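What follows is a single structure, written as structure tokens, with notes after it.
Where a number appears in this text, it was derived from the coordinates with a stated rule and is not lab data. All values reported here derive from a predicted model rather than from experimental measurement. Reconstructed Cβ throughout: ideal geometry from the backbone, glycine too, with neighbour counts over all protein chains shown.
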Amino acid sequence: MKKTLLLCFALVLFAAGACPAADKELSGKRRGWFALTYDDGPGYITGDLLALLEKRGVKATFFMLGSSVRARPAMAKNVHDAGHLVANHTDAHKNWFKIGKSADREKIFLSEVKKAEQAIIKATGEKPSILRMPNGYTAPWLREAAKKIGYRTANWSYGSDWTKTPEEKMTAGYVRSVRAGNVLLLHDGGGKSHEKTLRITEAILNEAQRLGLDPVRLDVLLKGPGPRE
């Protein structure tokens with residue numbers, strides 16, 4: 001699945017729309033934290049991924065599509081019950097670079113977010129509060145619309161697992177990006193094959209251990225519930 005590769009060094013894009021490395025709320029870099037995030041699931045490797053994360057004793061964030069949650073509600077619940085953060089990735093992974101130019105974009109946005117939200121609540125019993133748009137789409141109108149319905153938006157510092165990069169080179173890119181304050185993006189759903197997600201995750205965690213860094217949930221990294229003012 002083609003995505004725009006965003007390399008906003010040292011953290012995520014959210015709320016104000018700029019790289020928030022200097023934001024006082026973001027204590028992850030100071031504490032030696034970074035975040036592992038997984039998009040488009042739950043998918044068929046999610047169970048194996050949960051087992052790996054449990055074995056390593058770490059928590060992650062799963063940006064789930066409403067359509068994927070409806071297909072695998074029990075797995076969505078397993079993610080939540082294991083203590084990971086379940087976040088909203090809209091319902092159907094539409095092309096927001098096109099929709100964002102349309103007159104009814106806010107109506108479509110609200111429908112997509114709310115459909116996914118309802119699926120997540122039904123499966124997990126908890127309303128998500130962090131939103132990542134498909135393909136990393138972001139714009140001032142969208143951040144304001146998200147804020148109005150109780151969401152903060154978040155993208156990523158590094159990700160490449162949807163590209164045709166050879167796995168060895170891809171893994172090296174992820175390992176280089178294991179840095180305090182960073183948000184790493186991988187996929188546990190969508191596409192045809194994500195077994196490499198397990199191998200790359202293992203390599204990331206090995207590097208984090210070597211550097212003395214701790215992977216945490218994205219809400220912990222961002223340090224603060226609810227949308228930013």
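When Thr171, Thr197 are checked against the criterion of being of a type outside the set (Asp, Glu), touching a His at 6+ places or on another chain (Cβ under 7 Å), within 23 Å of His84 (Cβ to Cβ) and touching a residue at least 24 places away in the same chain (Cβ under 8 Å), Thr197 stands alone in meeting it. Taken together, the residues in the stretch 174-219 that are in a helix (DSSP H, G or I) and of a type outside the set (A, V, I, L, M) amount to 13.
Filtering Leu205, Leu198, Leu185, Leu211 for residues that are buried (at least 23 other Cβ atoms within 10 Å of the Cβ), on the phi < 0 side of the Ramachandran plot and not β-branched (Val, Ile, Thr) leaves a single hit, Leu185. Residue check: is Gly136 within 18 Å of the chain's Cα centre (by Cα), in contact (Cβ under 8 Å) with a residue 40 or more places away in the chain, surrounded by fewer than 17 Cβ atoms within 10 Å (Cβ to Cβ) and closer than 26 Å to Lys98 by Cβ? Against the criterion (within 18 Å of the chain's Cα centre (by Cα), in contact (Cβ under 8 Å) with a residue 40 or more places away in the chain, surrounded by fewer than 17 Cβ atoms within 10 Å (Cβ to Cβ) and closer than 26 Å to Lys98 by Cβ), Gly136 does not qualify.
Using the structure shown, decide if Ala116 is crowded, with 24+ Cβ neighbours inside 10 Å, free of Cβ contacts under 8 Å to residues at least 60 places away in the same chain and assigned to a helix (DSSP H, G or I). Here the answer is yes, as Ala116 does meet what is asked. Number of residues in the stretch 85-117 that are more than 16 Å from Tyr137 (Cα to Cα), of a type outside the set (A, V, I, L, M, F, W, C) and within 21 Å of the chain's Cα centre (by Cα) equals 4. Just to be sure I understand, how many residues within the stretch 126-142 are under 18 Å from Tyr158 (Cα atoms), assigned to a loop (DSSP other than H, G, I, E, B) and in contact with a strand residue (DSSP E or B) (Cβ under 6 Å, 6 or more places away or on another chain)? Going through the stretch 126-142 one residue at a time, the tally reaches 1. Of all residues in the stretch 138-152, none are of a type in the set (S, T, N, Q) and more than 22 Å from Lys223 (Cα to Cα).
Would you confirm whether or not the stretch 185-193 contains a residue that is more than 19 Å from Tyr137 (Cα to Cα) and in contact with a Leu (Cβ under 8 Å, 6 or more places away or on another chain)? Yes: one or more hits. Among the residues of the stretch 145-166, those identified as outside any loop (DSSP other than H, G, I, E, B) and either under 18 Å from the mean Cα position of the chain (by Cα) or surrounded by 13 or more Cβ atoms within 10 Å (Cβ to Cβ) (or both) are Ala145, Ala146, Lys147, Arg152, Thr153, Tyr158, Gly159.
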